[in-house]
Amino acid sequence: MARMTTELSPARRYRGADADERRAQRRDQLIAAAVQVYGERGYQNATVKAVCEAAGLTERYFYESFANSEALLLASFQTVTHRLLHKLEHAGEAAGGDGQHRALAMLRTYFGTLQCEPRSARVFLVEIRGVSKPVDEALGVSLREFGGLLARTLLPGCPAADPMLLAGIAGGIIHVALHWIREGYAPDVESVAATALRLALVLTHRAP
């Protein structure tokens, strides 16, 4: 008689998802809820309990993924930033044409996204500032990434621009965005994108 053996799964599965998958799903739920809550109330007025309620999870699951509220804010900011940068890069590639044409398409997408997703915009532009040194460092990284994307678009194949210049131009565009939002999203997306492009074109000027 052949001996029967039972092969055990390396991780217990529940409804088709193993423990790591379920943990990742809960983490994503908390990040999405944080963007919603921070975008509506502001980070300083949001509690762990409020985020968990919005996510439909208990606080036990919050501490499974995040040490504290600041860690969740940082993860939320990075998620919003990476999603936005990917969207801008895709817009530039889809636009075709020369670097200036592609950069303008990216900036149209940038301002259009801020207008259509105001809660994400608040996390990206407002709630991230002045919380702590690690959060400020994450903001600095995002500014350099944003500036770097514009530089690669406007100056393909050229040596990397000064990181301080990249951060400064990206920061300038963010200030344009903040002013634009305070003015009730006026003028229209096309006009504000053209203004931001004029600022970004500083990247194309070479120092003597």
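The values are calculated or read from the model by the stated rules, or taken from the named source; none is laboratory data. These numbers come from a predicted model, not from an experiment. Here the Cβ is made from the backbone with ideal geometry for all residues, glycine too, and neighbour counts use every protein chain on show.
When you scan the stretch 185-196, do you find a residue that is within 19 Å of Ala91 (Cα to Cα) and at pLDDT below 95, even just one? Within the stretch 185-196 (the criterion being within 19 Å of Ala91 (Cα to Cα) and at pLDDT below 95), the answer is no, since none of the residues qualifies.
Only one entry in Ala186, Ala95, Ala194 is among the hydrophobic types (A, V, I, L, M, F, W, C) and either in contact with a helix residue (DSSP H, G or I) (Cβ under 6 Å, 6 or more places away or on another chain) or within 30 Å of Leu72 (Cβ to Cβ) (or both), namely Ala95. Please indicate, with yes or no, whether at least one residue in the stretch 57-66 is of a type outside the set (Gly, Ala, Ser), in contact with a Cys (Cβ under 7 Å, 6 or more places away or on another chain) and not in a helix (DSSP H, G or I). Yes, because at least one residue in the stretch 57-66 is of a type outside the set (Gly, Ala, Ser), in contact with a Cys (Cβ under 7 Å, 6 or more places away or on another chain) and not in a helix (DSSP H, G or I). Considering the stretch 120-164, and only residues there that are among the basic types (Lys, Arg) and surrounded by fewer than 14 Cβ atoms within 10 Å (Cβ to Cβ), the residue that is nearest to Gly96 (Cα to Cα) turns out to be Arg129.
Within the stretch 72-98, restricting attention to residues that are touching a residue at least 60 places away in the same chain (Cβ under 8 Å) and not charged (D, E, K, R), the residue that is farthest from Pro134 (Cα to Cα) is Gly92.
The residue of the stretch 81-107 that is surrounded by the fewest Cβ atoms within 10 Å (Cβ to Cβ), among those that are of a type in the set (Gly, Ala, Ser) and outside any helix (DSSP H, G or I), is Gly96. Within the set Tyr38, Tyr61, the sole residue that is surrounded by 13 or more Cβ atoms within 10 Å (Cβ to Cβ), within 16 Å of the chain's Cα centre (by Cα) and not assigned by TED's automatic domain parsing to the domain that holds Phe124 turns out to be Tyr38. Residue under question is Arg119, and the condition is that it be of a type in the set (Lys, Arg), touching a helix residue (DSSP H, G or I) at 6+ places or on another chain (Cβ under 8 Å), in the same structural domain as Glu183 (by TED's automatic domain parsing) and touching a residue at least 60 places away in the same chain (Cβ under 8 Å); does it hold? So Arg119 fits the description; yes.
Before we move on, is Glu40 at pLDDT 95 or above and either among the hydrophobic types (A, V, I, L, M, F, W, C) or in a helix (DSSP H, G or I) (or both)? The answer is no for Glu40. With respect to the conditions (1) surrounded by fewer than 20 Cβ atoms within 10 Å (Cβ to Cβ); (2) closer than 28 Å to Ala34 by Cβ, Gly168 lacks only one, and its number is (2). Does any residue of the stretch 108-128 turn out to be outside any loop (DSSP other than H, G, I, E, B), at pLDDT 95 or above, over 23 Å from Leu72 (Cα atoms) and over 15 Å from the mean Cα position of the chain (by Cα)? Yes, the stretch 108-128 contains at least one residue that is outside any loop (DSSP other than H, G, I, E, B), at pLDDT 95 or above, over 23 Å from Leu72 (Cα atoms) and over 15 Å from the mean Cα position of the chain (by Cα).
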